[in-house]
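Q: Attaching a single structure in structure tokens format; questions to follow.
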Amino acid sequence: MCVLIGTSRKRFLGALTGRPVGERLSATVASSLAAAVQGADVVRVHDVAAMVDAIKVWTAIRGWNEAP
């Protein structure tokens, strides 16, 4: 089974943040990263560069916490 998540710019993010569609990038990145960390196989987003950056940062932070 493959799990795909697509929270990009969704209405529930607007309800949570009070932001219009064009201002939901941070909420999209946070929700998509949370899904990826919890095991989503595919994350569909509109703003690929922002998501790639978030995954790179998350991966680096996780590496700092791992024992040598």
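Q: How far is helix 25-37 tilted off the main Cα axis of the chain, in degrees rounded to 10, range 0 to 90?
A: Once rounded, the angle reads 40 degrees.
Q: Would you mind getting the accessible area per residue of the chain, heavy atoms of the protein chains only, 1.4 Å probe, in Å²?
A: Here the residues of the chain average 73 Å² of exposed surface.
Q: So, one more: Taking all protein chains as present, what is the carbon and sulfur share of the accessible area of the chain, in % to the nearest whole number, probe 1.4 Å?
A: The nonpolar share, carbon plus sulfur, comes to 60 percent.
Q: Moving on to the next point. Give the label of the value calculated from the structure for volume of the Cα convex hull per residue in Å³, choosing from [x] 113; [y] 71; [z] 98.
A: Comparing each candidate, only [z] matches the computed number.
Q: Under a Cβ-only charge scheme (Lys and Arg +1, Asp and Glu -1), can you give me the dipole magnitude of the chain about the Cα centre, in debye to the nearest 20?
A: 280 debye
Q: What does the charge add up to near Ile55, with Lys and Arg as +1, Asp and Glu as -1, over the other residues with Cβ less than 13 Å from its Cβ?
A: Overall, the nearby charge balance is 0.
Q: Which of Ala54, Ala15, Ala30 ends up with the largest GNM mean-square fluctuation for the chain, with Cα atoms connected below 10 Å?
A: Highest fluctuation of the listed residues: Ala15.
Q: As I understand it, the dipole of the chain uses +1 on the Cβ of Lys and Arg and -1 on the Cβ of Asp and Glu, about the Cα centre. Which of Leu16, Ile55, Ala36 lies farthest toward its positive end?
A: Leu16
The values are calculated or read from the model by the stated rules, or taken from the named source; none is laboratory data. Not measured: the values here are computed from a predicted model. With ideal geometry, Cβ positions are generated from the backbone for all residues, glycine too; neighbour counts draw on all protein chains shown. Ligands, DNA and RNA are stripped out before the accessible areas are found, and what is left, the full protein with its side chains, is counted by its heavy atoms. Shrake-Rupley method; radii C 1.70, N 1.55, O 1.52, S 1.80 Å.
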